[in-house]
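Written out below as structure tokens is the structure these notes cover.
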Amino acid sequence: MHSVKWKLTLLYTFFMTLLVCLLLAILLSLSSSELLSSVQQQIKEHVYDSLEDIRYDGQELYIDSNIMDVNNGIYMSVYDSNGKFIYGRLPYSFSARPAFQDGNLQTIDDGSTRWYIFDVVQTINGYGSLFVRGIVSVSDAEQSMRILLRTSLIILPALVILAAIFGYLFIGRTLRPVNTMIKTVQEIQEGSDLSKRIPLTRGGDEFHRLAECFNQMLSSLESAFQRERQFTSDVSHELRTPVAVILSHCEYLLEQKTLPSEIRQELEIIQTRAKGMAQMNAQLLLLSRADQNRQPLHFEQVNLTDLLEIILEEQQEDAGEKQIELQSRLAPDVTMTADETMMIRLFENLLTNAIRYGREHGWVQVTMNTDGEAAEVSVKDNGIGISKEHLPHIWERFYQADPSRSDSRQGAGLGLPMVQWIVRAHHGTIQVQSLEGVGTEFILRLPLRQPTDKVPDAFPPSQRQGVPPAEPPQ
């Protein structure tokens, strides 16, 4: 697709070409008419002026030699009353012998040339009548027009090219504020910094007002996201105490041996729900801190092979409840620079999801390879899979493919967003492949060495309400 600059340049060039052609056509038309009128006027004036060069002294007829001169292509000749040539010059190629017509302009075409002929009768006392004739080539005048036309056809492409070049430069200069806006918005999107503003152009033109509108919108968005982050953080903090109180009271009451079975069953339900709420609260708090770039990461050397083996062993009990076989194929002694706590959360979430949505008597397979630069980890299951319509949304917070199936053992839709942030915080990538009814595979690539301890913003403000930009599904 062509840019607006090119489209405007082509439009500008088209109309400039059209305008120049129209002006040239009008100019040539007027010039042709004006040129012929000028030739006609000149021949008449020249013939009448030539009458003064003819004198008669009573005995001899005197004709001034000026009549022999060819001025402006006009040939003059003098004839007696019988039409006999007396004096003057005739064009070399003129062969016609038209009748004399006093004061009448004739147009003669002898096949190769068109001529204007103008005759005037001069009556001289004592001598008689003379015919003074002027002859001029119309074709010569038209030849000048043809030269002008050819010159115009040569100049026209040059004018079109110049119009296109200057139009492109002028439009580019005019649209420069738009390019500045685009660049600023891209920097805001890439850097997730809503505090940046678009530079305002001088004056109060449309671009200036547009930049002002964008800046006002950015201010509103920055304020809204700041309030949202603060609200999430505050709610997470405030919920920690009441949830902890609920859990502690449940544990205390469940320790009572004399507790009736019905009450014990209800308390266990409350405890399960409260644990889920505590987990959700912890995830919300982490994501809230991540949004504000306040979540600290403590990088250290972590043996990823040992870590995955420990996590797999811990997940054996949950997998055993559904008779799911945990399989592993891990490269030995893979060490990377990472936050160990975050790595535990990362793989626990992936394995918990794989077991939760896995089939009874199914399997979950964890494989890890390394190329010396990064570790490639795959968590694959043969569970229920994710439908194509739900797959793009799994990175959204609180998103669940089928909310109607939610129970106390399921999460709140915060696990995968947290997984994504952890991967990005370690400068890695994550992809997902899934077919409904076949299974799901998460593929991670984690650098073995971290280039910096700066935590990237995994959730740009402009996308926190939508789908975080993950690697596209394969």
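Only the coordinates and a few stated rules stand behind these numbers; no lab work does. Quick caveat: nothing in here was measured; it's all calculated off a predicted structure. Cβ atoms come from the backbone with ideal geometry, glycine included; neighbour counts cover every protein chain shown.
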- Message: Residue by residue through the range 106-123, what is 3J(HN,Hα) from phi via Karplus (6.51 cos²θ - 1.76 cosθ + 1.60, θ = phi - 60°)? Round to whole Hz and write x for glycine and proline.
- Response: 9, 10, 10, 10, 9, x, 10, 9, 9, 10, 9, 10, 10, 10, 9, 8, 10, 9
- Scaled radius of gyration (Cα, divided by 2.2 N^0.38 Å) that the range 1-145 gives: 1.60
- Query: Using modelled backbone amide H atoms (1.01 Å from N, in-plane), which distant-in-sequence or interchain residues come within less than 5 Å of Gln450's amide H?
  - Reply: Thr337
- Task: For a quick protection proxy, order the peptides 305-317, 97-109 by their average other-Cβ count within 10 Å, most packed first.
- Result: 305-317, 97-109
- Label-point separation, Ala96 to Ser261 (7 Å along Cα→Cβ), nm: 13.3 nm
- In whole Å, largest first, the alpha carbons of the range 67-186 cover along the principal axes 101, 30, 23
- Would you please put 416-423, 43-50 in order of how densely packed they are, using the mean number of other Cβ atoms within 10 angstrom per residue and starting with the highest? 416-423, 43-50
